[in-house]
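Novice: A single structure is presented below for examination.
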Amino acid sequence: MRGARVARLFPDPASANGRNGDGDGDRVNDFAFKVGTVNGTGSASANSLLLQSIFRMGIPVTGKNVFPSNIQGLPTWYEIRVSRDGWTARTPDFDLIVAMNPATHERDIAEVRSGGWLLHDSSWPLDASLLRDDVTFIGIPLGRMCVEAFSGGRERTLMKNIAYAGALAALIDLDLDVVKDAIRAEFAKKPKSIDSNFLALHLGYDYAKANFACPLPIRLERMDATRGHVLMDGNTAAALGCVYAGATVGAWYPITPATSLMDAFGRFCARYRVDAGTGERRYCIVQAEDELAAAGVVIGAGWAGARAFTPTAGPGISLMGEFIGLAYYTEIPAVFFDVQRTGPSTGMPTRTQQGDLLSIAYASHGDTKHVALFPADPAECFRFAVQAFDLAERFQTPVFVVSDLDIGMNDWMIPRLEWNDAWRPDRGEVLTAGQLQAMQRFSRYLDVDGDGVAARSLPGVDPKGAYFTRGSGHDSHAAYTEDADAYREIVDRLKVKLETAARAVPPPEIREREGAEMAIVALGGCNGAVLEAAARLAIDGIPLDYMRIRGFPFDVAVGEFLRAHDRVFVVEQNRDGQLRSLLQLETGIAGDRLISIRDYGGVPLSARAVMDGVTAQLAEVPA
């Protein structure tokens, strides 16, 4: 079996004791809280400050931003999970909620776990009908204090966010010196802003210290578990991967949640791809009039020999369908990043999902199949971005890097990115002028070694390598044809090429657990929740082997793993079980052996959703 077996990255099940949400008592470095605010009020900076400060205390932490698709005015939440065991999945169990938006007070109060705390701005009275006996309400006059300390509506609004960060620092024992260091780093060029932020920080901190028992039973304590790690989002990591891969052309049309990928690529290029002597830019970024045009730019650049890519989301993939088919049939390298969001149609642009799996696998009309890579975190976004360009050129075909909004836009704690300076790009079979001159005849689509890949020429290298690139029927010599045998020769060879590619994509990652007779399968952003759920299920006497799929077409190891288990739980984030359908279609595995567990409401997957799904299915299926 080719699947990559890995050592367990997280603690054995014995240490995954389900503390989060267990009840009262001190819980150090193991809790979750979230902040409810109004979009457009500048709370993102305060929330990022909290996340970074916890990370700098050496404590594993993740942040999830749940925000509306409009620019300003609707509710937004930022969720922070502190996990000394390193669990990265979202948790729906919140010990503490900072309720800064009166419009969501009812929801926020309802979501605090029993025995938890709710921090609110007591400048205005809280509706008494919302109070709960099993929740401790912490009222701090944040608004009033900021009105008295600052002038100007905008500054008061912004500083109120820093004030709640200060109050939180007191309540959960966040090291105030670490927070101040983070503020100094953020406003190094704006000393007046440092003073304002320090003042606001102490307004909240000092009030909480003077009026409440600090810290709460949920509290922080310094660790040394973040050494060698960084906080990074997947879109930034993917953009950096494009730079390291040697991509020089990026074309795009703005779309959430993929826009920040091209934004980051532009920043990296401006820093690293400008000739120091002449100021000449060694890259090209094109904002096209739509996604179809962006795909055309990328394919044109790939045909000319450049490494080119476009970032988009599901609606963009739909528009790009025609050009994707052209690249597949004319065999032109191109890299597409699909940062998935909820669909169909416009859907919920700022919510996450895995709803594009089938549309990516067979994008465009006719018999097509595509190479796809499924990163599980920003670290893999970086590595798979590099690998995607190699695969695209080696197999002369579109390659898709399929992440999602949670991976792409949220901050993840990942090991520092590593790079091997000995790496050289795999350009595939590209004929030189000398090779072309030595040939009796250049046949663009003739496979001579049986791997399905035909050597290509690049324009301008040698006249002998010239050919007509056409999306209409063509034979192995690139000549127009409507002959059935000549047509079948080409499309059958393309099938062989994709079968060869199945052995080149990242193999599935397989984790085996002693005593496991059943298994679980997932991909992409589900990984963190599945790892945690599998550990907790093992404690409950339900050991499961786990396979994380990382590439498509499926490696032979995927089918072997499925056939080795009578029951396989397929976990995914879409309504229709697209991964399950893909597994059935591509491996021929019987559908009754694949038990579907789906969560598709638009928020990142939690371990609880996986555990509830598995136990519910086991309760229904005869042993």
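Novice: Using Cα atoms only, what is the angle between the long axis of helix 234-245 and the major principal axis of the chain, expressed in degrees (0 to 90) to the nearest 10?
Specialist: 40 degrees
Novice: Something else: Where in region 214-246 does the amide nitrogen come within less than 19 Å of the point 7 Å from the Cα of Val274, taken along Cα to Cβ?
Specialist: Counting backbone N atoms under 19 Å from the label point, the list is 240, 243-244.
Novice: While we're looking at this one, here's another question. What lysines sit close enough to Lys495 to cross-link, taking a C-alpha to C-alpha distance under 16 Å and skipping anything fewer than 8 places away on the same chain?
Specialist: Candidates past the 8-residue exclusion: Lys369.
Novice: Just tell me which aspartates and glutamates come within less than 14 Å, Cα to Cα, of Lys64; anything on the same chain fewer than 8 places away is out.
Specialist: Qualifying aspartates and glutamates at Cα under 14 Å: Glu79, Asp93, Asp233, Asp377, Asp404, Asp406, Asp411.
Novice: Residue by residue through region 427-440, what is 3J(HN,Hα) from phi via Karplus (6.51 cos²θ - 1.76 cosθ + 1.60, θ = phi - 60°)? Round to whole Hz and write x for glycine and proline.
Specialist: Using θ = phi - 60°, the values come out as 7, x, 7, 10, 7, 8, 4, x, 5, 5, 4, 6, 7, 6 Hz.
Novice: Can you give the direction-averaged projected area of the convex hull of the alpha-carbon atoms in region 476-623, in nm²?
Specialist: About 11.1 nm², averaged over all directions.
Novice: I need the Debye-formula profile for region 443-521: one equal scatterer per C-alpha, no solvent, reported as log10 I(q)/I(0) at q = 0.20 1/Å, two decimals.
Specialist: Reported log10 I(q)/I(0), two decimals: -0.94.
Novice: Arg132 to Arg488: extension gain in nm, 0.36 nm per residue of separation minus the Cα-Cα distance?
Specialist: Full extension from Arg132 to Arg488 adds 121.2 nm.
Novice: Looking at the chain, identify the longest residue range that excludes and avoids all GluC sites (Glu not before Pro) in DSSP loops having at most 10 other Cβ atoms within 10 Å.
Specialist: On the way: sites that count: Glu280, Glu289, Glu418, Glu482, Glu514.
Of all site-free stretches, the longest is 1-279.
Novice: I need to check one value: relative contact order of the chain, counting alpha carbon pairs closer than 8 Å and at least 6 residues apart, in percent.
Specialist: Taking the mean separation of contacting Cα pairs over the length of the chain, I get 14 percent.
Novice: Still on this structure, please answer the following. So if we plug the beta-carbon distance of Ala103 and Ala438 into 1/(1 + (r/R0)^6) with R0 = 56 Å, what FRET efficiency do we get, rounded to 0.05?
Specialist: My answer for the efficiency is 0.15.
Novice: Right, another one. In region 566-623, what is the volume of the convex hull around the alpha carbon atoms, normalised per residue and reported in Å³?
Specialist: Normalising the Cα hull of region 566-623 by residue number yields 82 Å³.
Novice: Turning to a different aspect of this structure: Looking at the chain only, what percent of DSSP beta bridges run antiparallel? Nearest 5 please. Present the calculation step by step, with values, prior to reporting the outcome.
Specialist: Values: 26 of 80 bridges.
Here the antiparallel bridges make up roughly 30 percent for the chain.
Novice: Can I ask one more? Amide H of Ile138: which non-local residues (sequence gap of 5 or more, or other chain) have their own amide H closer than 5 Å, using H built in the peptide plane?
Specialist: Here Leu118, Leu119, His120 satisfy the definition.
Novice: Whenever you get a sec, compute what percent of the accessible area on region 288-406 sits on carbon and sulfur atoms (1.4 Å probe).
Specialist: The C+S portion of the solvent-accessible surface of region 288-406 is 57 percent.
Novice: Which number comes out as Rg/Rh for region 358-487 once both Rg and the Kirkwood Rh are worked out on C-alpha atoms?
Specialist: That ratio is 1.06, to two decimals.
Novice: Ratio of alpha-carbon Rg to the 2.2 N^0.38 Å globular estimate for the chain, to two decimals, please.
Specialist: Taking N as the residue count of the chain, the ratio is 1.05.
Novice: Going by alpha carbons, how many degrees (0 to 90, nearest 10) lie between the helix axis of 176-186 and the longest principal axis of the chain?
Specialist: Relative to the chain, helix 176-186 is tipped by roughly 50 degrees.
Novice: Please give the calculated 222 nm ellipticity per residue for the chain, where each DSSP H segment of at least 4 residues contributes -39500 (n - 2.57) and the sum is spread over every residue; nearest 500 deg cm²/dmol?
Specialist: Values: 19 runs with 235 residues, N = 623.
For the chain, the value works out to -12000 deg cm²/dmol.
Novice: Output wanted: per-residue J couplings in Hz (rounded whole) for region 399-415, from phi through Karplus 6.51 cos²θ - 1.76 cosθ + 1.60, θ = phi - 60°, x for Gly and Pro.
Specialist: 3J(HN,Hα) across region 399-415, in whole Hz: 10, 10, 9, 10, 10, 8, 4, 4, 5, x, 10, 8, 7, 10, 8, 9, x.
Novice: Next question. Accessible area of region 494-594 with a 1.4 Å probe: how many percent of it is carbon plus sulfur?
Specialist: Carbon-and-sulfur percentage of accessible area, whole number: 44.
Novice: Turning to a different aspect of this structure: Give the angle, between 0 and 90 degrees and rounded to the nearest 10, that separates the Cα long axis of helix 43-56 from the longest principal axis of the Cα atoms of the chain.
Specialist: 90 degrees
Novice: What are the ³J(HN,Hα) couplings of region 451-467, residue after residue, when phi is run through the Karplus curve with 6.51, -1.76, 1.60 and θ = phi - 60°? Round to Hz, x for glycine and proline.
Specialist: So the Karplus estimates, Gly and Pro as x, are 8, x, 9, 9, 5, 10, 10, 10, x, x, 6, 7, x, 5, x, 6, 7 Hz.
Novice: Using 0.36 nm per residue, how much length does the chain from Val230 to Ser45 gain when fully extended, once their Cα-Cα distance is taken away?
Specialist: 64.8 nm
Novice: Which lysines does Lys209 reach when only Cα atoms under 26 Å apart count, and residues fewer than 8 places away in its own chain are ignored?
Specialist: Lys34, Lys160, Lys180, Lys192
Novice: Take the alpha carbon atoms of region 299-372, find their radius of gyration, then divide it by 2.2 N^0.38 Å using N residues; give the quotient. It would help to have the intermediate numbers written out before the result.
Specialist: Details: Rg = 12.6 Å, N = 74, 2.2 N^0.38 = 11.3 Å.
Compared with the compact-globule rule of thumb, region 299-372 sits at 1.12.
Novice: Okay, moving on. Run the Debye formula on the Cα coordinates of region 402-476, all scatterers equal and no solvent, and tell me log10 I(q)/I(0) at q = 0.17, 0.19, 0.25 1/Å.
Specialist: -0.78, -0.86, -1.26
Novice: Let me ask something else about it. Considering only protein heavy atoms, what per residue accessible area in square angstrom results for the chain with a 1.4 angstrom probe?
Specialist: Per residue, the chain has 41 Å² of solvent-accessible surface.
The values are calculated or read from the model by the stated rules, or taken from the named source; none is laboratory data. For clarity, every value in this text was computed on a predicted model and none was experimentally measured. Neighbour counts are summed over all protein chains in view; Cβ atoms, including those assigned to glycine, are modelled from backbone coordinates with ideal geometry. We work out accessible area using only protein heavy atoms, side chains counted, and drop any ligands, DNA or RNA first. Shrake-Rupley method; radii C 1.70, N 1.55, O 1.52, S 1.80 Å.
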